[in-house]
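The values are calculated or read from the model by the stated rules, or taken from the named source; none is laboratory data. Because the structure is predicted, anything quoted here is derived from the model rather than measured. Glycine also receives a Cβ, built like all others from the backbone with ideal geometry; neighbour counts cover every protein chain displayed. When the accessible area is computed, the model is the full protein with side chains, heavy atoms only, and any ligands, DNA or RNA have been set aside. Shrake-Rupley method; radii C 1.70, N 1.55, O 1.52, S 1.80 Å.
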Amino acid sequence: MAKQILFFVGVVGLLSCSPPGGSDPAPDASNSDVSPAAIDAGLPDPSCTNNAQDGDESDVDCGGECTPCGPDDHCVDAADCVSGVCQDQRCAEALCDDGVRNQDEAAVDCGGRCGSTCADSARCSSGLDCQSLVCDEGLCRQASCDDGVHNGRETDLDCGGDCAQACSPGLRCQAGSDCISGSCQDQQCQEPNCDDGIHNGDERALDCGGSCESACPAGTPCERNDDCVSNVCAQGQCEADPIEACLNGPHADDDEHRVEACLMLRYINQDRALFADESGNAVPARWDPDMYLVAKAHSQDMCDRGFFAHVNPDGRNPSQRAELMGFNVPVAENIAVNRHASSASHAFMAEPTCTGHRGAILDPRNTRVGIGLVQCDNPGFRWDSYMMYTQNFHLNFRIEQSAFCLDPQTACELPSNPVTTATQDCPDQLRQWGWCDYDPSAIMTGWGCPDD
């Protein structure tokens, strides 16, 4: 009521000061609360800055149409408060759990000073507002394994945890599964090594093969021969050592000459490795129990029926003889009459490159071999008491011949001396007989080579 009376008196005073003629005097800028310029500029109503609670203010100079009030000031509703929270007619302090978007929050109770707490699809100003740390076009995006941010369940940047990509050595991890190497120590992925008890790096199997010094046992995966203890990698798997397979394979107990047959197999594989260009880096020949039966039968037949030839008196060649025994495969064959496996091997290899017996031994297509030895016991036969040697190779036409042997410049040439690794094992008596000599003329004669 006092305000109304004062206002009324003020009006009366103004009316009493009107000049004759009834027109109002021009306002005196020096006595006015707000200048016309201030009014034109849209400045706050003077009641919001008069240090008094008036108008619709909820507290002194705040609330209502004035600026919002701070914590603990009186309020009528949330709009009166800076925090947007009015409790028990008092403005509450802005908090990160008050259910209101206030302070510098990017969305309700998240982001800004509340930290990286905004869920996927919530509003954001930067990645720091988001749980995923990814803000795209003003919205938090779901963490992914290719967003260039260490987020989600990743143990390091875009790797480990739920990511398909494991982490490289040196990056953070929680378990071996987080690491490419499979080895996590002290929360750091380790370099793979050949004694960590884990199949990792370029190992072909657990701690063997690849760059490891240890080769892999038979039955384990492989890519190269030197991945394997046996030095035989066939169709992606390490095979048993050919010599071991020969010595302990089927029919070994019934074969009185098996040790010498296996020695001949050793010479074959040593020569395939020694003459790598000529053999096309051929894999070691594997012992073939089926080819052994074919070879053994032919050696015995030659001794019994007194002949020495690839075609038996019945007209059957090696492949036909194998088929008759139930092995329907193409067969290549070497035969010799000799006194020792070393000198027989020397005789096979003392021929021009890529030709005859030598060609069969070094041919990469001849991947399997059986060797049958029989000491002839036929008094009427020229070679009575001599050893009959037959090598039967399983010929695999799906494998290509070596480029060396397909080149006319290198095929059918004089081989280097010694012609075989077997030469060094020739017995002295046979050397005296000249059975292990290197005779270029004898080697090249009769083959029709360009240098004949």
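Given a 1.4 angstrom probe, what's the average accessible area per residue across the chain, in square angstrom? Mind showing how you got there, number by number?
Values: 24660 Å² over 452 residues.
About 55 Å² of surface per residue is accessible.
For segment 317-452, report the % of Cα-Cα distances exceeding 21 Å. It would help to have the intermediate numbers written out before the result.
Numbers: 4561 of 9180 pairs.
It works out to 50 percent of all Cα pairs.
What is the packing order of peptides 258-265, 83-90, taking the mean over residues of other C-beta atoms within 10 Å and listing the highest first? Numbers along the way, then the final one.
Details: 258-265: 20.9, 83-90: 16.0.
The peptides rank, most packed first, as 258-265, 83-90.
Can you give the local net charge around Asp384? Use residues other than it whose beta-carbon is closer than 14 angstrom to its beta-carbon, Lys and Arg +1, Asp and Glu -1.
Values: positive: Arg305, Arg339, Arg382; negative: Asp304, Asp377.
Combined, the nearby Lys, Arg, Asp and Glu give +1.
Can you give the Rg to Rh ratio of segment 197-271, both from alpha-carbon atoms, with Rh computed by the Kirkwood formula?
On the way: Rg = 14.4 Å, Rh = 13.2 Å.
For segment 197-271, the value is 1.09.
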**Message:** Charges on Cβ only, +1 for Lys and Arg, -1 for Asp and Glu, centred on the Cα centroid of segment 109-233; of Ile180, Gln142, Ala218, which one is farthest towards the dipole's positive end?
**Reply:** Gln142
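Accessible area of the chain with a 1.4 Å probe: how many percent of it is carbon plus sulfur?
Values: 12320 of 24660 Å².
So the carbon and sulfur contribution to the accessible surface is 50 percent.
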**Asked** How far is helix 258-274 tilted, in degrees, relative to the longest principal axis of the Cα atoms in the chain, given as a value from 0 to 90 rounded to the nearest 10?
**Response** 60 degrees
**Request:** Could you order peptides 63-73, 332-342 by the average number of other Cβ atoms within 10 Å of their residues, highest first?
**Result:** 332-342, 63-73
**Asked** Among 224-236, 352-364, how do they line up from the highest to the lowest mean number of other beta-carbon atoms within 10 Å?
**Response** 352-364, 224-236
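Shape of the chain from its Cα gyration tensor (a ≥ b ≥ c, root eigenvalues): rounded if a/c is under 1.5, otherwise prolate when a/b > b/c, or oblate? Write down the numbers at each step before the final one.
Numbers: a/c = 6.51, a/b = 4.92, b/c = 1.32.
Prolate is the answer for the chain, as a/c is 1.5 or above and a/b outweighs b/c.
Quick one: dipole size for segment 92-134, taken about the Cα centre, charges +1 on Lys/Arg Cβ and -1 on Asp/Glu Cβ, in debye to the nearest 20.
Working: 3 positive and 8 negative charges, 32 e Å.
That gives a dipole near 160 debye.
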**Asked** Name the GluC sites (Glu not before Pro) in segment 156-256 that are in a loop by DSSP and that have at most 13 other C-beta atoms within 10 Å, would you?
**Response** Glu213, Glu223, Glu256
